[in-house]
Protein chains: 2
Amino acid sequence: MPPKSPHKQRPSVGDVATLAGVSLGTVSNVLNHPDKVAASTRDRVERAMTMLGYVPNTVARSLQSGTTQSVGLIVSDLSNSLFVDIARGAESGVEQGGLTLMIANSDARVERESAYLRMFAQARVTGVLMTLNDAAHFAAVARAAPPGVPLVLLNFGAPVSQFCSVDVDNALGGYVATRHLIESGCRRLVFVGGPHELQPVVDRGKGFQRAIAEQPGVSGEVVTPDWINRADGWTTGVELATRVARGEIDGIFAASDLLAAGIVQALSAASIRIPDDVAIVGYDNNQAAWDSPVPITTVAQPGEEVGRLGAMLLQDEARGDGPEHTHSAILLPPQLVVRGTTRPTTAGR
Amino acid sequence: MPPKSPHKQRPSVGDVATLAGVSLGTVSNVLNHPDKVAASTRDRVERAMTMLGYVPNTVARSLQSGTTQSVGLIVSDLSNSLFVDIARGAESGVEQGGLTLMIANSDARVERESAYLRMFAQARVTGVLMTLNDAAHFAAVARAAPPGVPLVLLNFGAPVSQFCSVDVDNALGGYVATRHLIESGCRRLVFVGGPHELQPVVDRGKGFQRAIAEQPGVSGEVVTPDWINRADGWTTGVELATRVARGEIDGIFAASDLLAAGIVQALSAASIRIPDDVAIVGYDNNQAAWDSPVPITTVAQPGEEVGRLGAMLLQDEARGDGPEHTHSAILLPPQLVVRGTTRPTTAGR
């Protein structure tokens with residue numbers, strides 16, 4: 001929709017996106033990575049900004065008074081590189097608006113999630129970004145959210161009646177990884193997926209099953225390691241090596257890059273050739289994937305994009321469209337990154 | 001020294017340590033990990049606390065009024081697990097005093113270090129902890145430090161005339177790693193140490209050279225990889241494999257666990273037995289060391305202890321001993337962690 005009352009409120013990123021007929025992500029790219037956007041699209045977005053009088057650099061100055069020029073970010077686990085990527089993206093998103101970012105680590109404990117919401121309210125931040133892993137915590141977080149302090153949830157899909165949110169589509173990621181194996185010629189696939197309490201891993205497995213079900217003549221099997229670290233991948237790789245050597249398995253989708261790296265290490269030690277004898281795809285695009293003797297094909301989580309879009313939604317909300325504010329729930333697709341552990345595909349998608 | 005004016009100011013952790021005749025670290029352990037402290041030492045520290053009227057849980061309530069109940073932490077690089085450990089330790093240290101922790105990521109850029117110091121002052125924190133990698137930034141940071149907001153520097157040794165600080169002794173870590181190789185029987189050693197611009201790596205190399213110089217009949221050689229990641233270790237391992245197989249090298253000290261993991265991976269692929277043919281020690285005690293088919297002997301950085309002691313020094317300073325406050329510079333020793341890539345030692349130290 002076009003802006004409702006251009007004289008009363010400043011145009012938002014969402015207004016620009018609507019007028020230009022593009023996604024919020026495209027507007028974000030025009031602001032931050034213009035080289036990534038086709039020239040014609042960039043022109044359209046920039047024209048929309050001009051027509052609406054949208055001036056990104058002055059977001060900060062139009063924020064409600066009485067707050068510090070800072071945004072709070074509560075993450076579930078700073079040891080997990082996905083959350084560090086989210087923090088980096090959030091930082092670049094708030095800097096765009098002339099704000100700074102303060103981070104807190106909740107360890108996914110609900111009492112700390114609530115305590116840090118109060119802390120940031122007390123520090124008079126402009127708003128709070130918060131990653132949420134466990135759907136069971138949502139009700140408590142919604143209760144603890146301080147009134148008047150905008151809250152955007154990350155890595156979690158929240159009801160738009162309550163909050164803006166930015167989430168990642170793990171089932172799509174599993175599907176894309178499995179399609180890539182099938183299109184590169186694999187027919188006897190295995191999903192190495194960690195324990196059932198990890199929801200993202202469960203979702204990646206659903207994507208695997210969907211891709212298998214769609215494709216006659218392709219078989220899919222699930223192997224469940226103890227956890228999703230390199231040593232678990234090594235153990236699984238040692239167990240699978242004989243069957244790979246007999247030609248019973250020709251494609252492996254591992255639910256994490258650490259798992260995939262351990263599997264590559266074990267199969268290489270058993271003189272199995274990758275990707276000639278077996279192709280392998282990991283998940284996360286973290287250091288374990290690129291920093292490997294054979295760099296690993298993987299699915300990249302758009303962590304920085306989650307943080308950056310979350311920061312933009314938060315600033316839109318904080319600029320005071322108040323009760324008229326419409327919450328958004330953004331679901332981002334992960335991206336396949338092809339490296340040395342898979343063959344080039346023989347079919348388009 | 002004993003507390004100067006027990007009626008005017010609350011006793012500090014330093015007062016307790018002085019009276020009990022133990023280190024600040026021991027007092028910290030009595031408060032946080034009493035099971036790690038010998039019963040007789042614990043008794044002595046607890047008696048000192050009673051005599052002085054030291055009550056750790058009320059630190060927060062005695063802080064100057066007008067501040068939020070939070071401490072700011074500025075770290076150089078959230079992608080580096082050492083800084084995540086420091087953040088975890090700082091969190092536990094401020095929680096001990098009933099405070100919360102807000103983190104900011106400076107990317108080791110001096111203009112961000114200064115901007116975040118101002119941000120935390122604006123957020124009215126009780127004080128700021130800050131990691132500093134580059135001695136060249138110190139003067140700018142000292143200028144930017146807001147008056148009236150205590151600042152403690154971490155992973156850096158600051159002049160006690162200006163700030164409290166907690167640093168780690170990397171030269172000692174290199175020495176301890178090399179002594180362990182010598183004591184387990186190695187005589188022809190190699191230090192695989194990254195580029196010269198990394199000061200901690202340079203310091204670890206100095207410790208290596210000192211241990212070699214002390215020990216007649218032991219030779220030491222330095223190999224410089226491009227960087228300190230796993231792929232750099234793999235390349236180095238491939239290059240060293242022939243010489244190891246010929247018996248020209250029987251011990252390797254790698255400046256990071258990722259380097260060590262890549263070397264282990266390359267030598268294993270060349271059918272070299274670890275630790276029988278060659279013993280290997282890494283550095284950092286991060287996931288690359290423990291999450292490996294052969295868990296890697298390493299030197300653990302006391303990151304959590306750096307954060308926790310820093311938080312305690314900061315709270316001591318914030319409790320208002322004002323101009324009488326005496327700054328401390330703590331230098332912590334790293335710890336050898338013996339795992340599967342070295343043999344048991346044959347000599348005591």
By per-residue mean of other Cβ atoms within 10 Å, what is the highest-first order of A:326-338, A:159-171, B:125-137, B:301-313? B:301-313, B:125-137, A:159-171, A:326-338
Once amide H atoms are built 1.01 Å from N in the peptide plane, which residues 5 or more positions from A:Val299, or in another chain, come under 5 Å H to H? A:Gly282, A:Tyr283, A:Asp284, A:Asn285, A:Val337
What does the structure give for B:282-294 when I average, per residue, the other chain Cβ atoms found within 10 Å of the residue Cβ? 3
What is the dipole size for region A:122-232, taken about its Cα centre, with +1 at each Lys and Arg Cβ and -1 at each Asp and Glu Cβ, in debye to the nearest 20? 160 debye
Nearest 10, in degrees from 0 to 90: the angle of helix B:81-96 to the longest Cα principal axis of chain B is 30 degrees
Mean separation of Cα contacts under 8 Å, 6 or more apart, over the residue count of chain A: relative contact order %: 19 percent
If all Cα-Cα distances of the protein assembly as shown are sorted into 20 Å bins from 0 onward, what percent lands in each bin, rounded to whole numbers? 17, 44, 34, 5, 0
Separation between Cα centres of region B:217-259 and region A:75-138, rounded to whole Å: 41 Å
In whole percent, the fraction of accessible protein surface over chain A that belongs to carbon or sulfur atoms, probe radius 1.4 Å, stands at 52 percent
To the nearest 10 Å², what's A:Trp290's accessible area with a 1.4 Å probe? 120 Å²
Residues A:Asp43 and A:Val338, FRET efficiency given R0 of 35 Å [Cβ-Cβ distance, rounded to 0.05]: 0.65
Along each principal axis, Cα extent of region A:244-349, largest first, Å: 64, 29, 18
Stokes-Einstein, Kirkwood over Cα pairs, region B:13-52, 10 °C, 1.306 mPa s; D in µm²/s equals 167 µm²/s
Using a 1.4 angstrom probe, figure out how much accessible area chain B has per residue, in square angstrom, rounded to the nearest whole. 40 Å²
Residue order for B:Ser76, A:Ser219 - accessible surface, 1.4 angstrom probe, largest first: A:Ser219, B:Ser76
A student applying the Cα gyration tensor rule (rounded when a/c is under 1.5; otherwise prolate if a/b is larger than b/c, oblate if not) would label region A:197-254 oblate
Ignoring ligands, DNA and RNA and using a 1.4 Å probe, state the total buried accessible area between B and A in Å², rounded to the nearest 100. 3000 Å²
Taking a label point 7 Å from Cα toward Cβ, how far is A:Val160 from its twins in the other copies, in nm, shortest first? 6.2
For B:Pro333, place a label point 7 Å from Cα along the Cα-to-Cβ direction in every copy; what are the distances to the other copies, in nm, shortest first? 5.8
Could you tell me whether region A:170-301 comes out rounded, prolate or oblate from its Cα gyration tensor? Rule is a ≥ b ≥ c as square roots of the eigenvalues, rounded for a/c under 1.5, then prolate if a/b exceeds b/c, otherwise oblate. rounded
Checked against the positive end of the charge dipole of chain B (+1 on Cβ of Lys and Arg, -1 on Cβ of Asp and Glu, about the Cα centre), the farthest of B:Phe253, B:Val128, B:Leu117 is B:Val128
Aspartates and glutamates with Cα under 16 Å of A:Lys206, excluding same-chain neighbours fewer than 8 positions away: A:Asp169, A:Glu197, A:Glu214, A:Glu221
Can you work out the FRET efficiency for the pair B:Ser219 and B:Ala270, with r the C-beta to C-beta distance and R0 = 25 Å, to the nearest 0.05? 0.65
Put A:Arg243, B:Arg124, B:Arg204 in order of accessible area, largest first, probe 1.4 Å, and you get B:Arg124, A:Arg243, B:Arg204
Taking region B:152-251, which GluC sites (Glu not before Pro) meet the DSSP loop condition and have no more than 14 other C-beta atoms within 10 Å? B:Glu197, B:Glu248
For the protein assembly as shown, the charge dipole (Cβ of Lys, Arg +1; Cβ of Asp, Glu -1; about the Cα centre) points to a positive end, and the Cα of B:Met49, B:Val190, B:Gly262 closest to that extreme belongs to B:Met49
Run the 1.4 Å probe and let me know the accessible area of B:Leu258, rounded to the nearest 10 Å². 40 Å²
Treating only the Cβ atoms of Lys and Arg (+1) and Asp and Glu (-1) as charged, compute the dipole magnitude of region B:13-52 about its Cα centre; round to the nearest 20 debye. 60 debye
Rounded to the nearest 20 Debye, what is the dipole magnitude of region B:187-280 about its Cα centre when Lys and Arg each give +1 and Asp and Glu each give -1 at the C-beta? 180 debye
Counting residues in chain B as N, plug N into 2.2 N^0.38 Å and put the Cα Rg over that result. 1.09
Between helix A:110-122 and chain A, what is the angle of the helix's C-alpha long axis to the longest principal axis, kept within 0 to 90° and rounded to the nearest 10? 30 degrees
Under the rule of -39500 (n - 2.57) per DSSP H run of 4 or more residues, summed and divided by the residues of the protein assembly as shown, what mean residue ellipticity at 222 nm is obtained, to the nearest 500 deg cm²/dmol? -13000 deg cm²/dmol
Using Cα atoms only, what is the angle between the long axis of helix B:39-52 and the major principal axis of chain B, expressed in degrees (0 to 90) to the nearest 10? 20 degrees
Do you know the relative contact order of region A:207-312, to the nearest whole percent, from alpha carbon pairs under 8 angstrom that are 6+ apart? 22 percent
Using 0.36 nm times the number of residues separating A:Arg210 and A:Val294, minus their current alpha carbon distance, what extension gain do you get? 27.4 nm
Treating the point 7 Å from Cα along Cα-beta-carbon as the label, what are the nm separations from B:Lys36 to the other copies, to one decimal? 4.2
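The values are calculated or read from the model by the stated rules, or taken from the named source; none is laboratory data. A quick note: this is a predicted structure, and the numbers were derived from the prediction, not measured. When we count neighbours, we look across all protein chains shown, and the Cβ atoms used for this are built from the backbone with ideal geometry, even at glycine. Surface accessibility is based on the protein's heavy atoms, side chains included, excluding ligands, DNA and RNA. Shrake-Rupley method; radii C 1.70, N 1.55, O 1.52, S 1.80 Å.
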